[in-house]
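The values are calculated or read from the model by the stated rules, or taken from the named source; none is laboratory data. Since the model is a prediction, treat every value here as computed from it, not as a measurement. Because the Cβ atoms are built from the backbone with ideal geometry, glycine has one as well, and the counts that use them run over all protein chains shown.
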């Protein structure tokens, strides 16, 4: 089985934006309540459609190279956060995630690799960790795709939230990697997550891990 191992690091760079971004139409507050999601209709949406009512089934569809999504929100509690979202795509792309404060200073900038899930259902989960306490105040979150491949679209995006704290259950190496924590397209875990089955051409699995020690590793 071919697996893509990804280590995601939080990028915290502080610099001034060259120009002001457009803020979202409806301001909201974070943290998002556990198990709930941001209403995607609150954003300033350019070159995409909001599909469905607020909740887990709501998504942005008809996305493409010119799509720009901007959320405006107020952080009410100074604490670390985890931004989550889910995607479904019949191609691949990158979603550029940029968080700026009220002065236009970039607080966080990260690129999410969006995989080909083989369909538009949002089966791939992504997260951006804000490890340091985010100060109370007003912020703008911009989502913008790039590097579109194998499709003129940038996928369907949904299930977005800013949850309190670092929501991180990644395995650490050296050590075991739990198969049940992987993201799978086509293949799936079996026998209480003890093995992966339905492996064939065009299927894949990926695992987010944290490397605690530098060195050469053997995967067995």
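Exactly one condition in (1) within 30 Å of residue 201 (Cα to Cα); (2) modelled with pLDDT under 95; (3) not in a loop (DSSP other than H, G, I, E, B) is not met by residue 122; state its number.
(3)
Out of (1) over 27 Å from residue 57 (Cβ atoms); (2) surrounded by 19 or more Cβ atoms within 10 Å (Cβ to Cβ), what's the single condition that is false for residue 79?
Result: residue 79 fails condition (2) only.
Going by the conditions given, is residue 65 over 17 Å from the mean Cα position of the chain (by Cα) and crowded, with 22+ Cβ neighbours inside 10 Å?
So residue 65 fails the test.
Among (1) part of a loop (DSSP other than H, G, I, E, B); (2) over 30 Å from residue 27 (Cα atoms); (3) in contact with a strand residue (DSSP E or B) (Cβ under 8 Å, 6 or more places away or on another chain), where does residue 176 come up short?
Only one criterion is unmet by residue 176, namely (3).
Looking at residue 143, is it in a strand (DSSP E or B), within 12 Å of the chain's Cα centre (by Cα) and in the same structural domain as residue 94 (by TED's automatic domain parsing)?
Working: in a strand (DSSP E or B): yes; within 12 Å of the chain's Cα centre (by Cα): yes; in the same structural domain as residue 94 (by TED's automatic domain parsing): yes.
The answer is yes for residue 143.
Which residue out of 124, 133 is in the same structural domain as residue 37 (by TED's automatic domain parsing), under 30 Å from residue 25 (Cβ atoms) and without any contact (Cβ under 8 Å) to a residue 60 or more places away in the chain?
Details: 124 fails: without any contact (Cβ under 8 Å) to a residue 60 or more places away in the chain.
Exactly one residue qualifies, and that residue is 133.
Taking residue 153 and the conditions (1) touching a strand residue (DSSP E or B) at 6+ places or on another chain (Cβ under 6 Å); (2) not in a strand (DSSP E or B), which numbered condition does it fall short on, given that it satisfies the others?
Answer for residue 153: the failing condition is (1).
Can you name every residue in the range 108-119 that is in a loop (DSSP other than H, G, I, E, B) and surrounded by fewer than 20 Cβ atoms within 10 Å (Cβ to Cβ)? Let's see the steps before the verdict.
First, pick out the residues of the range 108-119 that are in a loop (DSSP other than H, G, I, E, B): 115-119.
Matches in the range 108-119: 116, 118, 119.
Residues that are in the same structural domain as residue 133 (by TED's automatic domain parsing), surrounded by 12 or more Cβ atoms within 10 Å (Cβ to Cβ) and at pLDDT 90 or above, at least 2 per element: which strands (runs of 3 or more DSSP E) completely within the range 1-62 meet that? Spell out how you get there, then give the answer.
Numbers: elements: 3-6, 28-30, 44-46, 49-51, 59-61.
Fully inside the range 1-62 and qualifying: 28-30, 44-46, 49-51, 59-61.
Does residue 105 meet the test of being over 28 Å from residue 211 (Cβ atoms) and surrounded by fewer than 21 Cβ atoms within 10 Å (Cβ to Cβ)?
Details: over 28 Å from residue 211 (Cβ atoms): yes; surrounded by fewer than 21 Cβ atoms within 10 Å (Cβ to Cβ): yes.
Criteria met by residue 105.
Restricting attention to the range 193-206, which residues are touching a residue at least 12 places away in the same chain (Cβ under 8 Å) and either farther than 18 Å from residue 173 by Cβ or out of contact with any strand residue (DSSP E or B) (no Cβ under 6 Å at 6 or more places or on another chain) (or both)? Talk me through it step by step, then tell me what you get.
Within the range 193-206, the subset touching a residue at least 12 places away in the same chain (Cβ under 8 Å) is 193-196, 198-200, 202-206.
The answer is 193, 194, 195, 196, 198, 199, 200, 202, 203, 204.
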